[in-house]
Structures are given as C-alpha cells and as structure tokens.
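**Q** Can you keep this structure in mind? I'll have questions shortly.
The values are calculated or read from the model by the stated rules, or taken from the named source; none is laboratory data. Here the structure is a predicted model, which means the values were calculated and not measured. For neighbour counting, all protein chains shown are included, and Cβ atoms are generated from backbone atoms with ideal geometry for every residue, glycine included.
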C-alpha cells in the first residue's frame, strides 16, 4: 500500500507538472523554472521514500540494488532550483 500511495502522490503529480511545463515550453519557447523544479523534487522524493520503505519491506528490498542512490540528490537539486534566483534578473 505504501508503494502505491508513494507512486500516486509523487510520480503521478510529477508527471502532470512536467506535462504542463512541457506544454508551456512548447507554446512559448521559454522554460518556466518552478514547475520543472517541482517535478525534479517530486521525482527525487519518490526514490527517497522508496529507499526508506525498502529497508522494512522485503519485496522492495529485493529490488533495492536496482535503485541508484545518487538519484536521492534530486530533491536537493529541485529545492535549490525553487529557491534560487532567475537568471538575467527576470
């Protein structure tokens, strides 16, 4: 149940936010940083939750070696992008 909720709350929302950001980029040819940063953060949070839960759930633990642990740095990158300033003063 935890894996299902984790996927729905993080990956589905990240996919929706990414789709919206891509549509805006496609129409205006300008990257809007906040939706992109939110999607990166949510994607990374999914793996953080997965790694933490996999410690206690044997079925998840079996696939833990397939998870690259470097990807848990994505929430840090996403938060840095959310809190950072826009380039060129805009």
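**Q** State yes or no: is residue 73 surrounded by fewer than 15 Cβ atoms within 10 Å (Cβ to Cβ) and modelled with pLDDT under 80?
**A** Details: surrounded by fewer than 15 Cβ atoms within 10 Å (Cβ to Cβ): yes; modelled with pLDDT under 80: no.
The answer is no for residue 73.
**Q** Run residue 31 past the list (1) part of a helix (DSSP H, G or I); (2) surrounded by 10 or more Cβ atoms within 10 Å (Cβ to Cβ) and report the number of the one that doesn't hold.
**A** (1)
**Q** What is the number of the single condition among (1) surrounded by 11 or more Cβ atoms within 10 Å (Cβ to Cβ); (2) under 18 Å from the mean Cα position of the chain (by Cα) that residue 5 does not meet?
**A** (1)
**Q** Select, from 15, 37, 80, the only residue that is modelled with pLDDT of 85 or more, in contact with a helix residue (DSSP H, G or I) (Cβ under 6 Å, 6 or more places away or on another chain) and surrounded by 12 or more Cβ atoms within 10 Å (Cβ to Cβ). Before the answer, list the steps.
**A** Values: 15 fails: in contact with a helix residue (DSSP H, G or I) (Cβ under 6 Å, 6 or more places away or on another chain); 80 fails: in contact with a helix residue (DSSP H, G or I) (Cβ under 6 Å, 6 or more places away or on another chain).
Going through 15, 37, 80 in turn, the sole match is 37.
**Q** Something else about it: Which ones in the stretch 40-53 are over 18 Å from residue 17 (Cβ atoms) and crowded, with 19+ Cβ neighbours inside 10 Å? Don't jump to the end; show me each part of the working.
**A** Keep residues of the stretch 40-53 that are over 18 Å from residue 17 (Cβ atoms), which gives 50-53.
Of everything in the stretch 40-53, just one residue is over 18 Å from residue 17 (Cβ atoms) and crowded, with 19+ Cβ neighbours inside 10 Å, namely 50.
**Q** Testing residue 56 on (1) at pLDDT 80 or above; (2) touching a helix residue (DSSP H, G or I) at 6+ places or on another chain (Cβ under 7 Å); (3) loosely packed, with under 13 Cβ neighbours inside 10 Å, one condition comes back false. Which one is that?
**A** (2)
**Q** Applying the selection to the stretch 36-84, what residues are under 19 Å from residue 14 (Cβ atoms) and outside any helix (DSSP H, G or I)?
**A** 67, 68
**Q** Also, I was wondering about something else. Can you spot a residue in the stretch 7-24 that is closer than 15 Å to residue 80 by Cα and assigned to a helix (DSSP H, G or I)?
**A** Step one: of the stretch 7-24, the residues closer than 15 Å to residue 80 by Cα are none.
Within the stretch 7-24, none of the residues are closer than 15 Å to residue 80 by Cα and assigned to a helix (DSSP H, G or I).
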